[in-house]
Amino acid sequence: MSRVFLLLAALCLSATSHAQTWPVKPLRVIVNVAPGGVADVTMRLIGARLSESLGQPVVVENRPGGDGYIGFEAVARGEPDGYTLLYAPGSTTMIAPHLVRRADLDPLKVFAPIVPTGRVSLYLVVHPKMAARDLAEFLALVRANPGKLNYGTPGNGTSPHIAGEVFNREAKIKLNHIPYKGAGPALNDLLGGQIDLALDPGVGLQHVKSGKLRMLAVAGGARHPDYPNVPTLEESGVKGVDGGPHFGLYALAGTPRAVLERLNAEVQKAMKDPVVRARFVSLAVDIADPMTPEAFAAYIQAQSDRYARLIPELGIANR
């Protein structure tokens, strides 16, 4: 009995010691989408605050492509010690697994949820060359030209892709989907006129303000305060189109609980920083309610279950 007690005591001391000494070297955070998108911008913002609070550099790397799985693989090659982390849009962790069958790399099993940060509204933005000046004119144009207008997204199975297909279904229209490797590349092609429109997660708002793009509607719960005359799709009679689940930070499964809790606390502290909050607002990102790692895990499971039902309804094929 005494030997068992000593072993348990040693394990407890080891965990406490790890929590007190971690981190002792730089952290590496893999963002599994392209530079320039909301995930990239928000992680770099949070990463700067974490560098200060943790006393170690936080190095952010982009590993886009493969519906998020290139980034998954980069993190999975690390050790469950809290030094290699994943920052991902909810679409890659809660939607893509229902489209890309990778039993060896199921994010719900391979990664330990740490903390959510926020979720985006989507903005129906078009190139100024388009004749439609408002949503009603846009819908009339699309219905007169089924399948001829192209919308760009950050990739297959992303929240904007799901939203676009829900939009097609609910508005009884046919837009042609063009997948990219991130919101940034899709935005660049929209600005260049290579595609006609996008359900943009907020990175294009600066170009709406400058007149390089035109906003016709908001796919979210409320109008944007800077564009009070632009209606939401919901109030215009198009239901169920939204920006999808929360972005979040993950570690490898098996990472010490003390590390997960420390990161959870530090990110939530960073999210209270007025500069961080202002930047999130400028990107039109709705800041997540505080969640423990366990609450975030439950949220992920519920969202995953939702998309498991929705994706077959939309006719989006597994790959």
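For region 250-270, the candidate set comprises residues that are over 19 Å from T93 (Cβ atoms) and small (G, A, S); within that set, the residue that is nearest to the chain's Cα centre (by Cα) is A270. Here is the figure for region 267-315: residues that are among the polar types (S, T, N, Q) and not in a helix (DSSP H, G or I) total 1.
Total residues in region 280-304 satisfying the condition of being of a type in the set (V, I, T), under 16 Å from G90 (Cβ atoms) and at pLDDT 95 or above: the figure is 1. The residues of region 169-195 that are at pLDDT below 95, in contact with a strand residue (DSSP E or B) (Cβ under 7 Å, 6 or more places away or on another chain) and either among the hydroxyl-bearing types (S, T, Y) or open to solvent by 50 Å² or more (accessible area, probe 1.4 Å) (or both), listed by number, are P179, Y180.
For region 279-319, taking the residues that are surrounded by 14 or more Cβ atoms within 10 Å (Cβ to Cβ) and of a type in the set (G, A, S), the one that is farthest from the chain's Cα centre (by Cα) is identified as A295. At pLDDT 95 or above, open to solvent by 20 Å² or more (accessible area, probe 1.4 Å) and not in a strand (DSSP E or B) - does that describe any residue in region 248-255? Yes, that holds for at least one residue.
Conditions tested, residue by residue: (1) open to solvent by 50 Å² or more (accessible area, probe 1.4 Å); (2) at pLDDT 95 or above; (3) assigned to a helix (DSSP H, G or I); (4) of a type in the set (A, V, I, L, M, F, W, C).
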| residue | (1), (2), (3), (4) |
| --- | --- |
| A10 | yes, no, yes, yes |
| A15 | yes, no, yes, yes |
| Q20 | yes, no, yes, no |
| I30 | no, yes, no, yes |
| A34 | no, no, no, yes |
| V41 | no, no, yes, yes |
| D67 | no, no, yes, no |
| F72 | no, yes, yes, yes |
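Remark: V120 matches the filter, which requires a residue to be open to solvent by less than 50 Å² (accessible area, probe 1.4 Å), in contact with a Ser or Thr (Cβ under 8 Å, 6 or more places away or on another chain) and either under 29 Å from R44 (Cα atoms) or in contact (Cβ under 8 Å) with a residue 60 or more places away in the chain (or both). Please indicate, with yes or no, whether at least one residue in region 228-238 is open to solvent by 10 Å² or more (accessible area, probe 1.4 Å), closer than 16 Å to L283 by Cβ, free of Cβ contacts under 8 Å to residues at least 60 places away in the same chain and not aliphatic (A, V, I, L, M). No - not one qualifying residue is present in region 228-238.
The residue that is farthest from S282 (Cα to Cα), among those in region 191-227 that are acidic (D, E) and touching a Phe, Trp or Tyr at 6+ places or on another chain (Cβ under 9 Å), is D196.
The values are calculated or read from the model by the stated rules, or taken from the named source; none is laboratory data. Just so we're clear, the structure is a prediction, and the values are computed from it rather than from any experiment. As a convention, Cβ positions derive from the backbone with ideal geometry for all residues, glycine included, and neighbour counts pool all protein chains shown. Areas reflect the complete protein model, heavy atoms only, side chains present, ligands, DNA and RNA absent. Shrake-Rupley method; radii C 1.70, N 1.55, O 1.52, S 1.80 Å.
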